[in-house]
1. Touching a Gly at 6+ places or on another chain (Cβ under 6 Å), closer than 25 Å to Ala177 by Cβ and of a type outside the set (Gly, Ala, Ser): which single residue out of Val140, Val149 fits that description?
2. Looking at (1) surrounded by fewer than 14 Cβ atoms within 10 Å (Cβ to Cβ); (2) in contact with a strand residue (DSSP E or B) (Cβ under 7 Å, 6 or more places away or on another chain), which is the only condition Ile119 fails?
3. Would you call Ile27 touching a Phe, Trp or Tyr at 6+ places or on another chain (Cβ under 8 Å) and either at negative phi or in contact (Cβ under 8 Å) with a residue 24 or more places away in the chain (or both)?
4. Criterion first (surrounded by 20 or more Cβ atoms within 10 Å (Cβ to Cβ) and touching a Lys or Arg at 6+ places or on another chain (Cβ under 8 Å)) does Ala110 satisfy it?
5. Just give me the residues in segment 20-46 being under 27 Å from Leu151 (Cα atoms) and surrounded by fewer than 21 Cβ atoms within 10 Å (Cβ to Cβ), in sequence order.
6. Name the residues in segment 122-150 that are of a type in the set (Asp, Glu) and buried (at least 18 other Cβ atoms within 10 Å of the Cβ), would you?
7. Every residue in segment 21-56 that is over 23 Å from the mean Cα position of the chain (by Cα) and part of a helix (DSSP H, G or I), please.
8. Tell me, please, whether a residue that is at pLDDT 95 or above, assigned by TED's automatic domain parsing to the domain that holds Ile95, of a type in the set (D, E, K, R) and buried (at least 20 other Cβ atoms within 10 Å of the Cβ) can be found in segment 181-204.
Amino acid sequence: MIRGLIFDLDGVIVDTAKYHFIAWKKIAESLKIPFGETENEKLKGVSRIDSLNKILNWGGIELSKKEKEYWLDIKNSFYLKCISKISPSELLPGISKLIEDSKQSGFKIALGSASKNAILILEKVNLINSFDEIVDGTIVSLSKPSPEVFLRGAKLLKLLPEQCLVFEDAQSGVFAAKNAGMKCIAVGNTVNLEGADVVVESLKEISDIKSFISEYIIEE
């Protein structure tokens, strides 16, 4: 029986993916590596270092650890500048109501994100106190599709993996949820979200979380 809900951050709670795109594009351009929407899609749900490694691989460039740290710092500076003015107005449709409904319905709630800026973002959108547990890039070492972030979330919620339902918008995140042995609701385009138990275009489609789980999620 589903007792815990684990939410990804970027693309599920707030659209910070567009700011990651801007920042990574600046880095790629500086390194003279082609970078567009197709490449950016492959970085969703992936850690900062793994994202840089993917970009470098696409460009056939090898860098030392120190050089990588330099570019990671530059990327984060670009990104932090972009999100410095983020506000609750940038919360994605349906997420506030869903979190409120979930808490009132008795579900335990966790954040499961690869972002190292998750707490900062949650503070800016006034959701920092809405989660029972927060798992982010500062406490996990493996990026999605590794299940580490979701398994850590389940452990902190004191639940078994099969008792957790994940909300994701990225293919790597869906795979991570399934690798963790969890059910997954994907938000976005069905073409890019293989393996999810249910795909919704927007969280606004979930007006009652208990009823939605009962109707669309086969609980084991």
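The values are calculated or read from the model by the stated rules, or taken from the named source; none is laboratory data. Since this is a predicted model, take the numbers as computed values, not measurements. Counting neighbours? That spans all protein chains shown, and the Cβs are built from the backbone with ideal geometry, glycine included.
1. Working: Val140 fails: touching a Gly at 6+ places or on another chain (Cβ under 6 Å).
Matching residue, one of Val140, Val149: Val149.
2. Failing condition for Ile119: (1).
3. Working: touching a Phe, Trp or Tyr at 6+ places or on another chain (Cβ under 8 Å): yes; either at negative phi or in contact (Cβ under 8 Å) with a residue 24 or more places away in the chain (or both): yes.
Answer is yes for this residue.
4. Numbers: surrounded by 20 or more Cβ atoms within 10 Å (Cβ to Cβ): yes; touching a Lys or Arg at 6+ places or on another chain (Cβ under 8 Å): no.
Spelling it out, it is not the case that Ala110 is surrounded by 20 or more Cβ atoms within 10 Å (Cβ to Cβ) and touching a Lys or Arg at 6+ places or on another chain (Cβ under 8 Å).
5. Step one: filter segment 20-46 for residues under 27 Å from Leu151 (Cα atoms), giving 20, 40-46.
Of everything in segment 20-46, those that are under 27 Å from Leu151 (Cα atoms) and surrounded by fewer than 21 Cβ atoms within 10 Å (Cβ to Cβ) turn out to be Asn40, Glu41, Lys42, Val46.
6. Residues of segment 122-150 of a type in the set (Asp, Glu): 123, 132-133, 136, 148.
Correct list: Glu133, Asp136, Glu148.
7. Step one: filter segment 21-56 for residues over 23 Å from the mean Cα position of the chain (by Cα), giving 29-34.
Matches in segment 21-56: Glu29, Ser30.
8. yes
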